[in-house]
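What follows is a single structure, written as structure tokens, with notes after it.
The values are calculated or read from the model by the stated rules, or taken from the named source; none is laboratory data. Remember, predicted model here, so these are calculated numbers, not experimental data. So basically every Cβ, Gly included, is an ideal-geometry build from the backbone, and we count neighbours across all protein chains shown.
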Amino acid sequence: MRTTTKSSTRSTKASNATSRVTSRSATVEDAVSILTDDHDKVKKLFKQFEKHCKADNTEAKVETANMICMELTVHAMAEEEIFYPAARMAIKDDDLLNEAEVEHDSAKELIAQIQFMESDNPMYDAKVTVLGEYIDHHITEEEEEMFPKVRKAKVDLEELGEQLMMRKEELMAEIMSANGQINIEVLKQHALDAVSKKH
Ligand SMILES: [Fe+2]
Ligand SMILES: [Fe+2]
């Protein structure tokens, strides 16, 4: 669905001979669309987690929780390193950005706890479920407040999108093993680093 928006944006810009977008790769996607796609993906994963819990499928449940932690780790790092600093400069709303970063910190605490917890711990499901609730709230704030403000501001979202994609790919390559499986030890290390670096 976003592909339509993206291509229409691109074709509008393509008609402008001075547009930098025309010289970029055809796969360029704007930063807000990339982040919103990530949000949709992780929301689906939380729904799957709930389904696996109800079905009492421990293996699928843990696998999904690890995917949630991986997706959120990569997404939060890319946002904090690339998108938030650009948004902070562009929209001049420090309160909004500060709140978003505090929300990331709460999520990171839970992600670290989940990563270091045995899946048969009676609190495991609750931790993941509450993480889902935090993330739901955070996503709503980003999509309804921050992203519209950034879209209105003078930000080169395609340029930012390229930077986001590059960083995400780099992080994915670090966390995923060659066989396409999540490298849990690397993910745990990221969780520890994230908690120790919190704001
Ligand atoms: Fe986000
Ligand atoms: Fe965020």
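Just give me the residues in segment 116-128 being surrounded by fewer than 19 Cβ atoms within 10 Å (Cβ to Cβ) and touching a helix residue (DSSP H, G or I) at 6+ places or on another chain (Cβ under 9 Å), in sequence order.
Answer for segment 116-128, where residues must be surrounded by fewer than 19 Cβ atoms within 10 Å (Cβ to Cβ) and touching a helix residue (DSSP H, G or I) at 6+ places or on another chain (Cβ under 9 Å): PHE116, MET117, GLU118, SER119, ASP120, ASN121, MET123, ASP125, LYS127.
Tell me, yes or no, whether segment 63-70 has at least one residue that is within 11 Å of ligand 2 (Cβ to nearest atom) and closer than 23 Å to ARG167 by Cβ.
No: zero hits.
In segment 82-94, how many are more than 13 Å from ligand 1 (Cβ to nearest atom), in contact (Cβ under 8 Å) with a residue 40 or more places away in the chain and either in contact with an Asp or Glu (Cβ under 8 Å, 6 or more places away or on another chain) or in a helix (DSSP H, G or I) (or both)?
Qualifying residue count, segment 82-94: 3.
When you look at PHE83, is it at pLDDT 95 or above, within 17 Å of MET166 (Cβ to Cβ) and crowded, with 18+ Cβ neighbours inside 10 Å, yes or no?
So PHE83 fits the description; yes.
Return yes when THR73 is more than 23 Å from LYS127 (Cα to Cα), assigned to a helix (DSSP H, G or I), within 14 Å of ligand 2 (Cβ to nearest atom) and among the hydroxyl-bearing types (Ser, Thr, Tyr) and no when it is not.
It is false that THR73 is more than 23 Å from LYS127 (Cα to Cα), assigned to a helix (DSSP H, G or I), within 14 Å of ligand 2 (Cβ to nearest atom) and among the hydroxyl-bearing types (Ser, Thr, Tyr).
Criterion first (in a helix (DSSP H, G or I), over 18 Å from ILE114 (Cα atoms), at pLDDT 95 or above and of a type in the set (Val, Ile, Thr)) does VAL42 satisfy it?
Considered against the rule, which asks whether it is in a helix (DSSP H, G or I), over 18 Å from ILE114 (Cα atoms), at pLDDT 95 or above and of a type in the set (Val, Ile, Thr), VAL42 comes out as no.
Scan segment 167-180 and give yes if some residue there is more than 16 Å from ligand 1 (Cβ to nearest atom), part of a helix (DSSP H, G or I), β-branched (Val, Ile, Thr) and in contact with a helix residue (DSSP H, G or I) (Cβ under 8 Å, 6 or more places away or on another chain), otherwise no.
Scanning segment 167-180, I find at least one residue that is more than 16 Å from ligand 1 (Cβ to nearest atom), part of a helix (DSSP H, G or I), β-branched (Val, Ile, Thr) and in contact with a helix residue (DSSP H, G or I) (Cβ under 8 Å, 6 or more places away or on another chain), so the answer is yes.
Determine, yes or no, whether GLU103 is in a helix (DSSP H, G or I), in contact with an Asp or Glu (Cβ under 8 Å, 6 or more places away or on another chain) and of a type in the set (D, E, K, R).
yes
Name the one entry in LEU187, LEU97, LEU131, LEU164 that is touching a Ser or Thr at 6+ places or on another chain (Cβ under 7 Å) and either surrounded by fewer than 17 Cβ atoms within 10 Å (Cβ to Cβ) or assigned to a helix (DSSP H, G or I) (or both).
From the options LEU187, LEU97, LEU131, LEU164, the qualifying one is LEU187.
For LEU110, state whether it is farther than 26 Å from MET165 by Cβ, within 16 Å of ligand 2 (Cβ to nearest atom) and surrounded by 16 or more Cβ atoms within 10 Å (Cβ to Cβ).
Against the criterion (farther than 26 Å from MET165 by Cβ, within 16 Å of ligand 2 (Cβ to nearest atom) and surrounded by 16 or more Cβ atoms within 10 Å (Cβ to Cβ)), LEU110 qualifies.
Taking only pairs six or more apart or across chains, which ones have beta-carbon atoms under 7 Å, a first residue in segment 51-74 that is touching a residue at least 12 places away in the same chain (Cβ under 8 Å), and a second residue that is assigned to a helix (DSSP H, G or I) and aromatic (Phe, Trp, Tyr)?
Matching pairs, first to second residue: LYS61/PHE49; THR64/PHE49; ALA65/PHE49; ILE68/PHE46; ILE68/PHE49.
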